[in-house]
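All remarks here apply to the structure that follows.
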Amino acid sequence: MNNIEGKVESRKAIQPPKKFVKQANITSKKIYEKAAKNPPAFWAEQAKHLSWFKPWKKVLQWKAPYAKWFVGGKINAAYNCLDRFLGTPTQNKAAIIWEGEPGDSRTLTYHQLHAEVCKFANVLKGLGVKKGDRVIVYMPMVPELAITLLSCARIGAVHSVVFGGFSSEALRDRIQDASAKVVVTASGGFRRGSVIQLKKNVDASLEHCPTVEKVVVVNRAMDPTQVPLKEGRDFWWHRLMEDASAKCPAEPMDSEDMLFTLYTSGTTGKPKGIVHTTAGYLLGANLTTRWIFDLKDSDVYWCTADIGWVTGHSYIVYGPLSNGATVVMYEGTPDYPEKDRFWRIIEKYGVTIFYTAPTAIRTFMKWGEEFPKRRDLSSLRLLGSVGEPINPEAWMWYYEFIGRKNCPVADTWWQTETGSILISPLPGITPMKPGSATWTMPGIKAEILDEKGKQVPSGSGGYLVLTHPWPSMMRGIFNDPERYQKQYWDKFPGKYFTGDGAKQDKDGFFWLLGRIDDVMNVSGHRISTMEVESALVDHHAVAEAAVVGKNHDIKGQAIAAFVTLKEGFKGTDGNEMIGVLKKHVADKIGALARPDDIHFTAELPKTRSGKIMRRLLRDIAEGRALGDTTTLADPSVVASLKQKYEETEG
Ligand code: PRX
């Protein structure tokens, strides 16, 4: 665990700006007490903000580790994001303001988005998609991506988005695990001026995916005549949409019907399909967006995440749209064509709420203040951060140079599994401590435990657990109930184990300390050490590999790999084998998993029972004195590895 004790806690809390407090949606701390007294009653009251086809009979049915919320209710997530605004002034408001990387743009009002969603829902039906069928979505950040999600939700199909940066092999594994019937993709997507050929990756995956019957392709970034379509299987999006009817009633779904699965990395090499269901998830996304981002009708809200990750699901699509907000959606990177692209977008559209990741903030810091200073950012009134612990320096920079000390900063802690934000300030009432995600949301109860399950005293680090069910919690791992039980519920029976370390200070503020399992957080992306190790040993030259995350100023963590080559292969630091192996990992998983460092070693440090001592490898990679080595089978292995590392790193 990282240790951020001392310095941080001695900082004084920063009060939310007075001007902000005056107009905030939530102004009384009583909301916490009220929710804590009777959480199900609190959630039931909040659920009334959603539109239901049929009210629920029972708020919560809980038998750990399985929760059912709003049992007996009928609801549709797409209806809540679209139909309920028809005939109201929101109908003609911009739902999505989209900007492509090359500078093209498109705005869809709620009325228009509704029509597009109805049409594509009919297209999906026409392709044979039925309630419960899985649809894999592998797309760049274009409006059709949001349209696809809402179209699936409308007819009760289960969407499963695979981030466009994943390789064809990673895509194949996810399609196979989901037994998907349809894939929705695009010919390509832009990234820093070059084109990522998504359809080509889909074609490669589908050689091994017999369940997929149809593929829909959005025409983007490429000459369409250069994109081969397989007769009877592949169809252009625009052709199918030409004849589709814009009438498609939303399917009344049971509260607990599956809305989506989203694959994320765990402690094994195999990604897990996190399952979310309709009503509870929607409530979590809807409520947290309204409260944490203090949404008003006049806001222009921009979350910079990719919809390939859960942040994009909850805080680009379901949360803001179910509140009738105007959402900015951007296709590209912050440095294309110049390092002021984000600030240009804020100026151009008058963005009022801006939600991004610490790794991005640290990058902006490195680039310097001159870029945000070039643009008028005075429309901003609230800032958010997500994905990893934000270091106090980055928090202060964000507060000062982007928020001009006028905007509260909401450091929001949550996970793919939690569905929505669970620890965050409520910006009108919560004092802020830079580097702390502050308090649990109303209705959420967390504890910090030691190895034996006892609560640790304030100021001490431990395992972060959630002690009570909440509506947007995951309902399981797709097709793998055993793993669900083992991963999240066995360590502390009856309590949800987050996999994160945390401590709580004497004022009750939570300080997140990072993952305590074998999951790395690289630029806010979750990658398991095992996934990268499996990719490495898949190379014919590699005998054994061990991967650790090491601290990195910009990325949070960087990937360091220690590799033993097979007889007959030579790996010296600096030789071409390093490049070969890095590329191999990027090809197997995606560029996001490319190791930063590869070190060759004749042996890996192991315990007498043969377990690789990652802790020591982390010490080596981060240049620290070695921890306890007494349990090693052969302490000379790690000593020589450390010496070699120090020689090459200088
Ligand atoms: O370690 C925590 C870190 O990101 C993990 C969840 O990753 P993922 O499921 O990909 O979801 C990312 C977006 C919600 C957590 O277990 N994490 C996320 N937000 C924070 C954070 N760590 C500290 N502070 C945060 N605000």
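Taken together, the residues in segment 119-135 that are more than 27 Å from the chain's Cα centre (by Cα) and in a helix (DSSP H, G or I) amount to 5. Within segment 264-299, the residues that satisfy the criterion of being open to solvent by 10 Å² or more (accessible area, probe 1.4 Å) and not hydroxyl-bearing (Ser, Thr, Tyr) are 269, 270, 271, 275, 290, 291, 295, 296, 297. Residue 244 fulfils the conditions (1) of a type in the set (Gly, Ala, Ser); (2) in contact with a strand residue (DSSP E or B) (Cβ under 6 Å, 6 or more places away or on another chain); (3) surrounded by fewer than 23 Cβ atoms within 10 Å (Cβ to Cβ) except for a single criterion, (2). Of all the residues in segment 479-528, those that are of a type in the set (S, T, N, Q) and in contact with a Lys or Arg (Cβ under 7 Å, 6 or more places away or on another chain) number 2. The residue list 493, 434 contains one member that is open to solvent by less than 10 Å² (accessible area, probe 1.4 Å) and not hydroxyl-bearing (Ser, Thr, Tyr), which is 434. When the residues of segment 247-258 are filtered to those that are touching a residue at least 24 places away in the same chain (Cβ under 8 Å) and part of a loop (DSSP other than H, G, I, E, B), which remaining residue is surrounded by the fewest Cβ atoms within 10 Å (Cβ to Cβ)? Filtering segment 247-258 for residues that are touching a residue at least 24 places away in the same chain (Cβ under 8 Å) and part of a loop (DSSP other than H, G, I, E, B), the one surrounded by the fewest Cβ atoms within 10 Å (Cβ to Cβ) comes out as 247. Residues in segment 412-432 that are touching a helix residue (DSSP H, G or I) at 6+ places or on another chain (Cβ under 7 Å) and in a strand (DSSP E or B): 412 alone.
Restricting segment 486-542 to residues that are part of a loop (DSSP other than H, G, I, E, B) and within 12 Å of the ligand (Cβ to nearest atom), which is nearest to the chain's Cα centre (by Cα)? By that ranking, first place goes to 524.
The residues on offer are 211, 185, 261, and the sole one that is farther than 22 Å from residue 77 by Cβ, of a type in the set (Val, Ile, Thr) and surrounded by 21 or more Cβ atoms within 10 Å (Cβ to Cβ) is 185. Could you list, in sequence order, the residues of segment 598-631 that are of a type in the set (A, V, I, L, M) and either farther than 25 Å from residue 577 by Cα or open to solvent by less than 60 Å² (accessible area, probe 1.4 Å) (or both)? Listed by number, the residues that qualify are 598, 604, 612, 613, 616, 617, 620, 621, 625, 626.
Number of residues in segment 37-61 that are under 30 Å from residue 490 (Cα atoms) and open to solvent by 90 Å² or more (accessible area, probe 1.4 Å): the value is 2. For segment 460-485, filtered to residues that are over 23 Å from the mean Cα position of the chain (by Cα) and either open to solvent by 20 Å² or more (accessible area, probe 1.4 Å) or aliphatic (A, V, I, L, M) (or both), the residue that is farthest from the ligand (Cβ to nearest atom) is 482.
Conditions tested, residue by residue: (1) within 16 Å of the ligand (Cβ to nearest atom); (2) at pLDDT 95 or above; (3) over 27 Å from the mean Cα position of the chain (by Cα); (4) outside any loop (DSSP other than H, G, I, E, B).
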residue: 225; (1), (2), (3), (4): no, yes, yes, yes
residue: 228; (1), (2), (3), (4): no, yes, yes, no
residue: 263; (1), (2), (3), (4): yes, yes, no, yes
residue: 281; (1), (2), (3), (4): yes, yes, no, yes
residue: 290; (1), (2), (3), (4): no, yes, no, yes
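Within segment 509-542, the residues that satisfy the criterion of being open to solvent by 30 Å² or more (accessible area, probe 1.4 Å), aliphatic (A, V, I, L, M) and touching a residue at least 60 places away in the same chain (Cβ under 8 Å) are 516, 530. Of 234, 223, 177, all but one fail to be closer than 21 Å to residue 263 by Cα and among the acidic types (Asp, Glu); the exception is 177. In segment 362-379, the residues that are farther than 17 Å from residue 391 by Cβ form Cβ pairs under 9 Å with partners that are surrounded by fewer than 17 Cβ atoms within 10 Å (Cβ to Cβ) and not charged (D, E, K, R), at six or more places apart or across chains, as follows: 378/406; 379/350. The conditions of being open to solvent by 20 Å² or more (accessible area, probe 1.4 Å), over 18 Å from the mean Cα position of the chain (by Cα) and within 16 Å of the ligand (Cβ to nearest atom) are met by residue 551. Taken together, the criteria exclude residue 641 from residues that are without any contact (Cβ under 8 Å) to a residue 24 or more places away in the chain, crowded, with 19+ Cβ neighbours inside 10 Å and touching a strand residue (DSSP E or B) at 6+ places or on another chain (Cβ under 9 Å).
Taken over segment 394-412, the criterion of being farther than 24 Å from residue 327 by Cβ, open to solvent by 40 Å² or more (accessible area, probe 1.4 Å) and touching a residue at least 40 places away in the same chain (Cβ under 8 Å) is satisfied by 405 alone.
The values are calculated or read from the model by the stated rules, or taken from the named source; none is laboratory data. Not measured: the values here are computed from a predicted model. Counting neighbours? That spans all protein chains shown, and the Cβs are built from the backbone with ideal geometry, glycine included. In case anyone asks, the SASA skips ligands and DNA or RNA and just uses the protein heavy atoms, side chains included. Shrake-Rupley method; radii C 1.70, N 1.55, O 1.52, S 1.80 Å.
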